[in-house]
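The values are calculated or read from the model by the stated rules, or taken from the named source; none is laboratory data. Computed from a predicted structure; not experimentally measured. As a convention, Cβ positions derive from the backbone with ideal geometry for all residues, glycine included, and neighbour counts pool all protein chains shown.
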Amino acid sequence: MKRLTLIFTLLTCTIILTNGQEKLDELLPIRGLELAAPDKDAIDAFVEFINDELVPLKVNTLLLRVDWNFQFKSHPELQADNPLTEDDVKKIVNACKAGGIRIIPQINLLGHQSWFSKVGKLLEQYPQFNETPHVPTDAGIDSWPNEHGLYCLSYCPLHPEVHDVVFDVVDEIVEVFETDAFHSGMDEVFYLGDDKCPRCSGRDKAELFAGEVTKISNHLTENGNELWMWGDRFLDGKTTGIGFWEASYNNTHRAIDMVPKDIVICDWHYERADPTAAIFALKGFRVVTCPWNKAQHATAQMHQMVNFRQHATPETKENFYGMMQTTWTGADKFMDGYYGKVDFDGPRGNQVECFKVLFEEINKLDD
C-alpha cells in the first residue's frame, strides 16, 4: 500500500512539474543565460552549476561566449592560451542535453576584434583583415573616449579572404557543440565603412552591415543552422533617444529591412526597460529581451515580454521569444558571485542578483 502511495505521489509531482513547464514554455519560450565559457580548470564546477542551479531554475537556453577559447583544428593559430578541448566541451554539452538546455556558442564576428588596444586572435594572426589599420594599437589606449575613437576594432567585411577563415571556425564550433544555432555577436560596431578602407570607403554603412549579417546567416542556413545576434545596430539611437551604445548613431539601423527574417535578435537594454522588442517582432524577427545588472529593469522587461505575447496577434505572438540574462564576466567568476564568494555590487548594479531575481520572478509564472 505504501509503495502504491509513493508511486502515485511521484506521478502526481511529475504531472505538476510537466504542467508548470508547459505553462512557462507558453509564456516565455526562451529562458536563457549568457556567459563567457569557463576556463579549463572550472569545467567540472560549471557542469555541477548547470545540474544544481540552472536546471532547477528552468533555464532552457545557454549562450556561451567561446570566441577563441577553443582548440580549433581548422585554424589552430587562432586558439587562445590554454584553450578548451573537445573533451571539455563535450562535458558541457552532455550536461545541457541531460538538463534540457539548448546550448548556443558565440564567436564575435565583424566587431569586437580587440578590446581597446588589446588585439584579438583574428586580427593578430590576420592583420590584413583590419578595417582600420591606421588606428594605433601600440599606444596603450584603454579607456573611452579617446582621440582615435577606439573602442573595439572590426574586420573588413569586404576583404576577399576573411570569410574563408571565420566560417571555418564557425562551422567547427557549431559541430563540436552539437547545436543548430550560432551567435555572431555584432554589437557595438563603430568601425565600419571607414573612409580609408580601400574596399569600404564611401559605401552605405547600412548596406555593409546588412551584407555581412546576410552572408553569415546564409552560410548557417545552408547547413541547417540559425543565426542569433545582438540587435543594437538595427535601432536608430537618435530617433529613439536610446543613444549610441544600445542603438546606432552611424546609420546602420536601416539594415533592419535588408536582412533575413529568420535571424533571432537578442535585444539588450540595461539602463531602462525600453520596449524595443515590439520593433523587432513587428518587423518579423523572433526577439529575446536581454537585461544585465538592474533587477528592477529585468523584471519589468520580463513582464513586458509576457504581456506582448498575451496581447499580440497570432501572426506576431511567437516572435516575442523570451528572456536571456546577460553577464559580462567569465563563468568562473559568475559562479563565485552566485555562491557568495565574491561581491558583484557596484555603481551600475549587480548582475548576479539580477539573474537570481529575474528567474525567481520567471518561476512565479507557473503559480
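Does any residue in the range 48-63 that is among the basic types (K, R) come within less than 9 Å, Cβ to Cβ, of a residue that is surrounded by 21 or more Cβ atoms within 10 Å (Cβ to Cβ) six or more places away or on a different chain, and which pairs are these?
K58/R31; K58/F359; K58/I362
Does the range 131-154 hold any residues that are modelled with pLDDT of 95 or more and touching a strand residue (DSSP E or B) at 6+ places or on another chain (Cβ under 7 Å), and which are they?
E131, C152, L153
Cβ-Cβ under 8 Å, sequence separation 6+ or interchain: first residue in the range 346-358 and crowded, with 17+ Cβ neighbours inside 10 Å and of a type in the set (G, A, S), partner in a helix (DSSP H, G or I) and modelled with pLDDT of 95 or more. Which pairs?
Within 8 Å, the pairs are G349/A295.
Among the residues of the range 62-86, write down those that are farther than 15 Å from V174 by Cα and either among the acidic types (D, E) or not in a helix (DSSP H, G or I) (or both).
Residues satisfying the conditions are E77, Q79, A80, D81, N82, P83.
Does T326 qualify as being β-branched (V, I, T) and free of Cβ contacts under 8 Å to residues at least 12 places away in the same chain?
No, not satisfied.
Given (1) under 27 Å from K40 (Cα atoms); (2) in contact with a strand residue (DSSP E or B) (Cβ under 9 Å, 6 or more places away or on another chain); (3) aliphatic (A, V, I, L, M), where does I362 come up short, assuming only one miss?
(1)
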